[in-house]
Structures are given as structure tokens and as C-alpha cells.
Amino acid sequence: MALSIKKVLVSQSEPASEKSPYSDLTDKYGVEVCFHPFVKVEPLTAKEFRQQRIAILDFTAVVFTARIAIDYFFKLCEELRITVPETMKYFCITEAVGVYLQKYIIYRKRKVFNGASGKLSDFVTPIVKHPKEKYLIPVSDIHKDDLFSLLDAKKINYTKAVIYRTVNNPFAQDAKFDYDMLIFFSPSGISSFLENFPDFKQEDIKMGCFGAATAKAVKDAGFRLDVEAPTPEATSMVAALDQYLKKLSVRKR
């Protein structure tokens, strides 16, 4: 018998490669997986940034927690007609983010420092080793304060600079909404979904999410949560979906 779930909407951008973990679910269970992020980010204009009264050249180091922050930082510098000095130091949450800087600067290890594991606790270590720097931290208008709490505890001199924002990413008006399951990854995704579909009734539509904050947002919105990750048995959303679809397929036999 066919599964009751035939079409799943994942609120993320479509993977660049046709062969993704989600395509494995299609192969195993015959479900159609579609992608549409309910939120997207866009850069602030130079005029909007100036309202924060932050002078980029007053800082001696920049902290990057994502590649998109790198793109928007250098785009902003270009709009402001600022030439970032070669003496500027860069602190990146992972080596992959650090290597991405090569798109904009001549990469030298003496001025690019990376976190060891991607964990914030490890990321703070190289920053603490350079306590005399004045740090600029580009962020989105919606961001967590975990990193800043750690920096405050270490008495690091830093300034947050909002250089991009999270905005609603609406569906096309003529787009069909015929999904059997919805997957969310952030509270802002839930908020945007409610803006898109203010009269949405869940009924038999299943919902899954990644992260405790997202789970809380789903429940606070009055929806039923059917699949949640991460768990000890399923550390990724794909693994949690796999387990859920497997259980459904067993019931249908």
C-alpha cells in the first residue's frame, strides 16, 4: 500500500546537487521532496548601515560565523567605498568559513584564525588569545546571543553590526499547496509560514522540525509536531524523516 505521505515540503533552499540525502528518501519511499525557504536574507544598504554609526575602519578584527556574512561584509565595504586594510585580522567559526575569505583577500594564516570544531566554546579560544583587538561582528537582525555571552564573560571588546536581515519569502500566488508534510528549521520560518498562510489548518498534514527553539515555535503556534530532530537516534532531519517514513511503511504492510 502507498504511504499517506506523498509530498514533503522542506523549508530550505534546494540542494545544489541532484544527489542529496533527501533524494535517498525519494528512492526508498517514493515521496516527492520539494524545497522552499519561508525566509531569506538580504543585505542592508549602505545608507541603512550608516544609521548604526559604526565606522568599520575603527576595528582591527572581524568575526565571521557564516559565509554569507563574509559576502555581505565585503559588499557593504564596496558600497561604502572602504578599502579594508591588509592589517585587518579575521576570526572564522570554522576552517571552511576561513578558507572562503580567499574570495576577497589574500589568505594568510597569520591574519586568519579559525575555530577548531565549529562549536562556539572552541571558537572563542583564538579570540581570547588576542584580547587587545577591537572586534567587529557582522550579524543578521535576527541572531542568537550565545557567542556574545561568551565574549562578555571574557571581557572582549566587540561591537555587533547588523549588515543583513531576515525577510519573508512568500509563495507565488498561483503555487499549489498540496503537501502532506512540512519541515521547519527555525522559529522565523514558522512566523513567515503564518504570514503566508494565516488561515492554515493542520488537520492531517504532518509537521517536523529541527531544533528545540523551532519545536517550541511550532507548538506555540498551536500545531501538532509529528517529527522532531535532533534526537540520540536521529541527529539530522533526514535521519528523523527516514525513521518516521520507515514506521509508516511498516504499518501499511
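The values are calculated or read from the model by the stated rules, or taken from the named source; none is laboratory data. All values reported here derive from a predicted model rather than from experimental measurement. When we count neighbours, we look across all protein chains shown, and the Cβ atoms used for this are built from the backbone with ideal geometry, even at glycine.
Would you pick out the residues in region 75-102 that are farther than 13 Å from residue 64 by Cβ and either of a type in the set (D, E, K, R) or part of a strand (DSSP E or B) (or both)? Correct list: 75, 78, 79, 81, 86.
It is to be established whether one or more residues within region 209-216 are assigned to a helix (DSSP H, G or I), of a type outside the set (A, V, I, L, M) and more than 17 Å from residue 37 (Cβ to Cβ). Working first, answer last.
So in region 209-216, the residues assigned to a helix (DSSP H, G or I) come out as 212-216.
Next, from what is left, pick out any that are of a type outside the set (A, V, I, L, M): 214, 216.
After this cut, where a residue has to be more than 17 Å from residue 37 (Cβ to Cβ) as well, the list is 216.
Looking through region 209-216, at least one residue is assigned to a helix (DSSP H, G or I), of a type outside the set (A, V, I, L, M) and more than 17 Å from residue 37 (Cβ to Cβ).
Just one of the listed residues (35, 49, 73) is more than 28 Å from residue 195 (Cα to Cα) and at pLDDT 90 or above, and it is 73.
The set of residues in region 218-242 that are surrounded by fewer than 19 Cβ atoms within 10 Å (Cβ to Cβ) and within 16 Å of residue 191 (Cα to Cα) comprises 219, 220, 221, 222, 224, 225. You will find that of 68, 137, 105, the residue that is surrounded by 15 or more Cβ atoms within 10 Å (Cβ to Cβ), touching a strand residue (DSSP E or B) at 6+ places or on another chain (Cβ under 9 Å), part of a loop (DSSP other than H, G, I, E, B) and at pLDDT 90 or above is 105 and no other.
Here is the figure for region 164-186: residues that are within 14 Å of the chain's Cα centre (by Cα) and more than 22 Å from residue 244 (Cα to Cα) total 4.
Restricting attention to region 148-177, the residues being farther than 18 Å from residue 14 by Cβ, part of a loop (DSSP other than H, G, I, E, B) and touching a residue at least 60 places away in the same chain (Cβ under 8 Å) number 0.
Any residue at all in region 52-61 that is part of a strand (DSSP E or B), outside the structural domain of residue 175 (by TED's automatic domain parsing) and in contact (Cβ under 8 Å) with a residue 40 or more places away in the chain? Lay out the reasoning, then the answer.
Pass one, region 52-61, residues part of a strand (DSSP E or B): 61.
Restricting the remaining residues to those that are outside the structural domain of residue 175 (by TED's automatic domain parsing) gives 61.
Subsequent filtering for residues that are in contact (Cβ under 8 Å) with a residue 40 or more places away in the chain retains 61.
Yes; the residues of region 52-61 include at least one that is part of a strand (DSSP E or B), outside the structural domain of residue 175 (by TED's automatic domain parsing) and in contact (Cβ under 8 Å) with a residue 40 or more places away in the chain.
Being free of Cβ contacts under 8 Å to residues at least 24 places away in the same chain, closer than 29 Å to residue 69 by Cβ and outside any loop (DSSP other than H, G, I, E, B) holds for only one residue in 228, 195, and it is 228.
Quickly run through region 144-158 and pick out the residues that are surrounded by 15 or more Cβ atoms within 10 Å (Cβ to Cβ) and under 22 Å from the mean Cα position of the chain (by Cα).
147, 148, 150, 151
Listed by first and then second residue, the pairs linking a residue in region 100-123 that is assigned by TED's automatic domain parsing to the domain that holds residue 83 to a residue that is among the aromatic types (Phe, Trp, Tyr) and part of a loop (DSSP other than H, G, I, E, B), with Cβ atoms under 9 Å apart and 6 or more places separating them unless they lie on different chains, are 101/107. Condition check for residue 201 on (1) loosely packed, with under 14 Cβ neighbours inside 10 Å; (2) modelled with pLDDT of 95 or more: one failure, at (2).
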